[in-house]
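Report on the following structure.
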Amino acid sequence: MNADEQSEKEKTGTLVCFALDEEAGAFRKRAVKIPDVSILITGVGRRNAENSLRHYLAKNLPRLVLTCGFAGGLNPALVLGDVVFMTGYNALEERLANADAKLASFFTAPRVATTAAEKKHLREETGADVVEMESGAILAVCRESEIPCAMVRAVSDTASEDLPLDFNALAKPDMSLDYGKLLLTVAKSPQKIGALMKLHKNTLFAAEQLAAVLEEFTSP
């Protein structure tokens with residue numbers, strides 16, 4: 001869709017982007033009763049996020065885009081399940097704050113921050129409160145297309161936590177998780193199973209916290 005076509009097409013609805021189905025699941029259950037809300041699973045990382053959104057915008061023109069999912073905490077004050085946001089639109093900022101989200105600064109990284117030491121370094125280097133992998137690309141496309149956008153994410157691992165595995169080493173070239181590598185790694189290190197189960201529980205909790213904020217924000 002070129003600029004002339006976009007200007008002629010009426011903007012409708014809210015598009016909520018997630019990198020993974022696991023991030024979207026809790027909100028998807030709530031979104032069925034919310035009118036004019038669409039969900040887009042983009043895949044992990046900047047390139048996948050940009051390509052998926054551009055493909056969507058070729059046929060649709062949302063009134064608003066939210067880039068959502070999990071984030072790693074960089075600010076030690078943030079706890080598991082905190083929902084944070086960043087947007088350059090005052091009206092959106094007020095609505096998100098009223099939905100119990102916290103204003104924060106974001107850093108979009110090319111890889112998963114897997115250790116507390118790496119998060120500490122990112123905090124010192126960028127000053128950001130949280131780190132994630134897609135929002136910067138989605139925000140750039142929205143600016144280009146003149147669509148308001150907000151980053152809204154839930155903290156799934158805090159600044160002081162190491163992830164149980166280096167998920168960067170377990171990614172396929174398209175940045176999706178290689179489950180074969182994951183199973184092999186776990187088979188070699190069965191002591192990691194407890195930490196992986198805890199991480200799964202934490203992400204489910206973060207997804208529910210995020211879904212509650214998104215439901216409050218998107219409901220008429």
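What pairs come up if the first residue lies in region 42-67 and is under 14 Å from GLU132 (Cα atoms), the second is part of a helix (DSSP H, G or I) and of a type outside the set (Gly, Ala, Ser), and their beta carbons are under 6 Å apart, counting only those six or more places apart or on different chains?
THR42/ASN48; ALA49/ILE138; THR67/ILE138
Out of all the residues in region 23-38, which are out of contact with any Asp or Glu (no Cβ under 9 Å at 6 or more places or on another chain) and closer than 16 Å to ALA154 by Cβ?
Selection gives GLU23, ALA24, GLY25, LYS29.
If I go through region 29-39 residue by residue, how many of them are of a type in the set (D, E, K, R) and surrounded by 15 or more Cβ atoms within 10 Å (Cβ to Cβ)?
1
THR108: of a type in the set (Ser, Thr, Tyr), within 18 Å of the chain's Cα centre (by Cα), within 27 Å of ALA58 (Cα to Cα) and surrounded by fewer than 24 Cβ atoms within 10 Å (Cβ to Cβ), yes or no?
yes
So the check is Cβ under 7 Å with 6+ separation or different chains; which pairs have a first residue in region 155-182 that's free of Cβ contacts under 8 Å to residues at least 40 places away in the same chain and a second one that's basic (Lys, Arg)?
Qualifying pairs under 7 Å: PRO164/LYS192; LEU170/LYS181; ASP178/LYS172.
Filter region 201-220 down to the residues that are loosely packed, with under 12 Cβ neighbours inside 10 Å and part of a helix (DSSP H, G or I) and list them by number. I'd like the intermediate steps shown before the answer.
To start, the set of residues in region 201-220 that are loosely packed, with under 12 Cβ neighbours inside 10 Å comprises 201, 220.
Of everything in region 201-220, just one residue is loosely packed, with under 12 Cβ neighbours inside 10 Å and part of a helix (DSSP H, G or I), namely LYS201.
Condition check: in a helix (DSSP H, G or I), surrounded by fewer than 20 Cβ atoms within 10 Å (Cβ to Cβ), among the basic types (Lys, Arg) and in contact with a Cys (Cβ under 9 Å, 6 or more places away or on another chain). Does ARG143 satisfy that?
yes
Are any residues in region 46-78 closer than 23 Å to LYS172 by Cα and surrounded by fewer than 22 Cβ atoms within 10 Å (Cβ to Cβ), and if so, which ones?
Of everything in region 46-78, those that are closer than 23 Å to LYS172 by Cα and surrounded by fewer than 22 Cβ atoms within 10 Å (Cβ to Cβ) turn out to be ARG46, ARG47, ASN48, GLU50, ASN51, SER52, ARG54, HIS55.
So, in region 148-199, how many residues would count as being within 30 Å of TYR89 (Cβ to Cβ) and touching a Lys or Arg at 6+ places or on another chain (Cβ under 7 Å)?
Number of matching residues: 1.
Which one is surrounded by the most Cβ atoms within 10 Å (Cβ to Cβ), of the residues in region 159-191 that are in contact with a Leu (Cβ under 6 Å, 6 or more places away or on another chain) and in a loop (DSSP other than H, G, I, E, B)?
Per the stated criteria, the residue is ALA159.
Could you run through region 114-138 and say how many residues are part of a loop (DSSP other than H, G, I, E, B) and touching a residue at least 24 places away in the same chain (Cβ under 8 Å)?
6
Quick note: the coordinates plus some simple rules give every number you see, no bench work behind them. This structure is a prediction, so every number in the text was calculated from the model and none was measured. A quick note on method: Cβ atoms are made from the backbone with ideal geometry, for glycine too, and the neighbour counts reach across all protein chains shown.
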